[in-house]
Amino acid sequence: MSFSPANITALVIASSFAAGLNIYATVLTLGLLARTHWVALPPGLDSLGHTWVLVVCGIMFAIEFVADKIPAFDMIWNGLHTVVRIPIAALVAYHASSQLTPQMQILATAIGAAVALAAHGSKTALRAAVTPSPEPVSNIALSSSEDVVAVGLTWFATHHPVIAASAALLCLAAAVLAARALLRAIQKPLRRLFGTDLEDRAQVKPLP
């Protein structure tokens, strides 16, 4: 991969989207690629190949793999990771763009944080819509899909960054639309339920 500003920006977009889904899988994938020298990465990402980074991310990925598939608890887990995924995604973007000009590096960092925030927010909204379902299959299927996308997109971004970034933006747009549609679908029956309940209460006359 050539380290042109366009390719680095595309890598930042794709990896930040993946980080918004699963930060540990994303960093672990980049770290393994940096450690094995399987593909050339921007020099600033070499630190991700350190043993302690791989071990910590491996352990946390294993924990998240289970925690993220438990209905209701996955909402708590995702809520807590708001302060993990976005800052680390911004940090990865900062190091990935270290060979660019300071202005471009700041811009790349901001883009990384924004994309990770959008991906994380869409993921959380989708979970909020899916979690009320009585069966756990939907949560497991959705979480597993996110894990696969995070690893696959990160790997693909190191080979074809522009294509990966385009796919990430399309996935992000689709996730936002799906989250809005699902949340609206849930809100309608709730509004009808509570609206009817409120109307019934209003019809009850107070005792003298």
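The values are calculated or read from the model by the stated rules, or taken from the named source; none is laboratory data. Quick caveat: nothing in here was measured; it's all calculated off a predicted structure. With ideal geometry, Cβ positions are generated from the backbone for all residues, glycine too; neighbour counts draw on all protein chains shown. Surface accessibility is based on the protein's heavy atoms, side chains included, excluding ligands, DNA and RNA. Shrake-Rupley method; radii C 1.70, N 1.55, O 1.52, S 1.80 Å.
Odds and ends about this structure:
- Residue count for segment 109-159, restricted to those that are more than 18 Å from VAL66 (Cβ to Cβ), open to solvent by less than 60 Å² (accessible area, probe 1.4 Å) and not in a helix (DSSP H, G or I): 2
- Residue count for segment 87-108, restricted to those that are touching a residue at least 24 places away in the same chain (Cβ under 8 Å), open to solvent by less than 60 Å² (accessible area, probe 1.4 Å) and not aliphatic (A, V, I, L, M): 2
- Restricting attention to segment 28-44, the residues being part of a helix (DSSP H, G or I) and not polar (S, T, N, Q) number 9.
- With respect to (1) closer than 29 Å to ALA174 by Cα; (2) assigned to a helix (DSSP H, G or I); (3) of a type outside the set (A, V, I, L, M, F, W, C); (4) in contact (Cβ under 8 Å) with a residue 24 or more places away in the chain, the lone exception for SER47 is condition (1).
- Of all residue pairs spaced 6 or more apart or on separate chains, those with beta-carbon atoms under 6 Å, a first member in segment 155-181 that is touching a residue at least 40 places away in the same chain (Cβ under 8 Å) and a second member that is surrounded by fewer than 18 Cβ atoms within 10 Å (Cβ to Cβ) and β-branched (Val, Ile, Thr) are THR158/VAL39.
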